[in-house]
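Take a look at the structure below.
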Amino acid sequence: MDLLISDVTKQRLGQAKRVVVLTGAGISAASGIPTFRGENGLWTKLAPQELASFEGFYRNTAVVSEWYKHRRDIIEVCQPNAAHTTLVELEKLVAEFTLITQNIDGLHQRAGSQDVIELHGTIMQNYCTRCNRQYSVAEFAQIYNRSSNHVPRCFCGGIVRPNVVWFGESLPVAAYERAYKASMQAEVFLAIGTSAQVRPAADLPMIAKEQGAYLIEINIVKTVLTPHADLFLEGAADKILPQFNREYQSLLANV
Ligand SMILES: [Zn+2]
């Protein structure tokens, strides 16, 4: 099999103590997580903006709650793929490793990654819009099933919403600050399966690059990031990453 890692990459990667990885929807594609478009359901009558904004949630709480429950149910039966598990291995090879994701599916954690910066929140948690009480999937199921009208209500009476970042909402401040700081200090930055179009997450690879990081992109298609990448590996993350890791491991063994 062809080597993915060139001599230049070897040098940069072999010396790197700080590696940052940013993942997007592409990394979960092989887990069978659908795009949730064109399905049958109440939610098909609502525009994406209505399903992913606080205004839409406020107007159609029952429908939007049902939509997120549907997505959660599907994600729960999907499994992490080889790309997720490879990142768990990669973390062990690097002195300072930071994993940042734009995904809300929680698959990195289920693969075994302990410390994941979730820039867009997680569909696996909900919280009360009034008292901020957090609800796990199981706790949420209880209040959701108890509600007669599919409007999940907290014990305080407030409406409970998914812990995800919607249109027009800011990213969680602490998460973004950590991601930004790690990107500034990265020696190698891997952008995996991200369309690099949703800001400000999409800025992170370029921030790293401007600070001197070696930028590697893994994607099935070229993106706006590709012209800036030092190395572009075209293909599915679950195929590319395991091979990348094997080569990286043998590289470190020979340093
Ligand atoms: Zn509450």
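The values are calculated or read from the model by the stated rules, or taken from the named source; none is laboratory data. All values derive from a computational prediction rather than experimental measurement. Virtual Cβ from ideal backbone geometry, glycine too; neighbours counted across all protein chains shown. Side chains are part of the model used for accessible areas, which takes the heavy atoms of the whole protein and leaves out ligands, DNA and RNA. Shrake-Rupley method; radii C 1.70, N 1.55, O 1.52, S 1.80 Å.
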Practice problem: Determine which single condition ILE5 fails, assuming it passes every other condition in (1) modelled with pLDDT under 80; (2) under 25 Å from ARG199 (Cβ atoms). | Solution: (2)
Quiz item: Which of the following residues is surrounded by fewer than 20 Cβ atoms within 10 Å (Cβ to Cβ), of a type in the set (Gly, Ala, Ser) and closer than 28 Å to TYR180 by Cβ: SER28, SER53, SER113?
Solution: SER53
Quiz item: Can you pull out the residues in segment 179-219 that are part of a loop (DSSP other than H, G, I, E, B) and buried (at least 19 other Cβ atoms within 10 Å of the Cβ)?
Solution: ALA186, GLU187, GLY193, THR194, ALA196, ALA201, ALA202, ALA213
Quiz item: Is it true that PHE167 is surrounded by fewer than 19 Cβ atoms within 10 Å (Cβ to Cβ) and at negative phi?
Solution: yes
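I'd like the full set of residues that are within 16 Å of the ligand (Cβ to nearest atom) and polar (S, T, N, Q), limited to segment 158-172.
Of the residues in segment 158-172, the ones within 16 Å of the ligand (Cβ to nearest atom) are 158-163.
Matches in segment 158-172: ASN163 only.
Can you confirm whether VAL160 is outside the structural domain of THR101 (by TED's automatic domain parsing), modelled with pLDDT of 95 or more and among the hydrophobic types (A, V, I, L, M, F, W, C)? It would help to see each step written out before you state the result.
Details: outside the structural domain of THR101 (by TED's automatic domain parsing): yes; modelled with pLDDT of 95 or more: yes; among the hydrophobic types (A, V, I, L, M, F, W, C): yes.
Spelling it out, VAL160 is indeed outside the structural domain of THR101 (by TED's automatic domain parsing), modelled with pLDDT of 95 or more and among the hydrophobic types (A, V, I, L, M, F, W, C).
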Quiz item: When you look at TYR176, is it of a type in the set (Ser, Thr, Tyr), at pLDDT 95 or above, surrounded by 17 or more Cβ atoms within 10 Å (Cβ to Cβ) and under 30 Å from ASN132 (Cα atoms), yes or no?
Solution: yes
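Given the options GLN142, GLN134, name the one that is at pLDDT below 95 and surrounded by fewer than 20 Cβ atoms within 10 Å (Cβ to Cβ). Before the answer, list the steps.
On the way: GLN134 fails: at pLDDT below 95.
Result of the check over GLN142, GLN134: GLN142.
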Quiz item: Got a number for residues in segment 89-110 being farther than 30 Å from PHE155 by Cβ and either among the aromatic types (Phe, Trp, Tyr) or open to solvent by 20 Å² or more (accessible area, probe 1.4 Å) (or both)?
Solution: 9
Quiz item: Given the conditions (1) buried (at least 19 other Cβ atoms within 10 Å of the Cβ); (2) touching a residue at least 40 places away in the same chain (Cβ under 8 Å), and given that CYS78 satisfies all but one, which numbered condition is not satisfied?
Solution: (1)
